[in-house]
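These notes concern the structure reproduced below.
A short reminder: the numbers here are calculations on the coordinates, not readings from a lab. Here the structure is a predicted model, which means the values were calculated and not measured. Cβ sites come from the backbone with ideal geometry, for glycine too, and all protein chains shown count toward neighbours.
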Amino acid sequence: MRMNTDALVLRVTDTGESDRLLTLLTSEYGVLRAFANRAKKINSKFMGATQSLCCAEFSIYTGRDSYIIDDANAKEVFFGLRDDIEKLALGQYFCALAAELAPEMEPAGDFLRVVLNSLHLLEKQMRSCRFLKAVTELKLLSLAGFMPDLTACRHCEKAPSGDMAFNVREGCLYCRGSGKTGLVISAGVLAAMRHICSNPVERIYSFSLPEQDEKKLAEVCEKFLLAQTGRTFKALDFYKSLNA
């Protein structure tokens, strides 16, 4: 079988003296892993297209027990991220999230659009790192089946009113009278979370918050992601170390 597809390189693993194993995110096939033979050689036709954070057009065929790349043409390399260590680290974190949450060998067009849109906005400095990190985390979680229940208090089933407690493990809201604990969020933060979860990818960035609410949104989205995935991310730890 041969596939011709646009893909974002999420991860690059060197194998042997000159080969690379690429983790790719595609619209049609989700996450897949393919070998690029001799990609590390200086004169390799794959050199430019087989680096992380590169979006390229790939020609891939099925070998005996693996996928093999036999052609690749870079389309977007996000140069603007590569000269800023904070933006580069955040971009790599987005890729790590996609590798964790996107399906394998199933359509994943929305996953790819979220990551590419976030990388573009990050490169062009059109939104803050904190904003893009929160939006990307929550939308990827929602696409992966971890959408939180933001409709009503889980205990009394009443519509949210005023500040609410968001439980990151249960992924739901509780009102003050419920006696349940969680991260306290304002009506503005709740509205932002609903906007991210419910809107198509092209609209998830079209809102703004006061600085304090944006900080709270970032805190909630990160803690929710870590609670739902049950793991840590080295890329996240490195990104946070830059701002410690």
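Yes/no per residue for (1) farther than 25 Å from A98 by Cβ; (2) touching a strand residue (DSSP E or B) at 6+ places or on another chain (Cβ under 6 Å); (3) crowded, with 16+ Cβ neighbours inside 10 Å:
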position	(1), (2), (3)
V168	no, no, yes
L173	yes, yes, yes
A218	no, no, yes
C221	no, no, yes
R231	no, no, no
Y239	no, no, yes
L242	no, no, no
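Among the numbered conditions (1) touching a residue at least 60 places away in the same chain (Cβ under 8 Å); (2) of a type in the set (F, W, Y); (3) surrounded by fewer than 16 Cβ atoms within 10 Å (Cβ to Cβ), tell me where Y29 comes up short.
Here Y29 clears every test but (3).
Which count do you get for residues in region 21-54 that are basic (K, R) and under 17 Å from A99 (Cα atoms)?
1
Please give the number of the condition K75 fails out of (1) over 16 Å from the mean Cα position of the chain (by Cα); (2) outside any strand (DSSP E or B); (3) within 26 Å of I204 (Cα to Cα).
(2)
Taking the stated definitions as given, is L112 touching a strand residue (DSSP E or B) at 6+ places or on another chain (Cβ under 6 Å), in a helix (DSSP H, G or I) and touching a residue at least 60 places away in the same chain (Cβ under 8 Å)?
Yes, satisfied.
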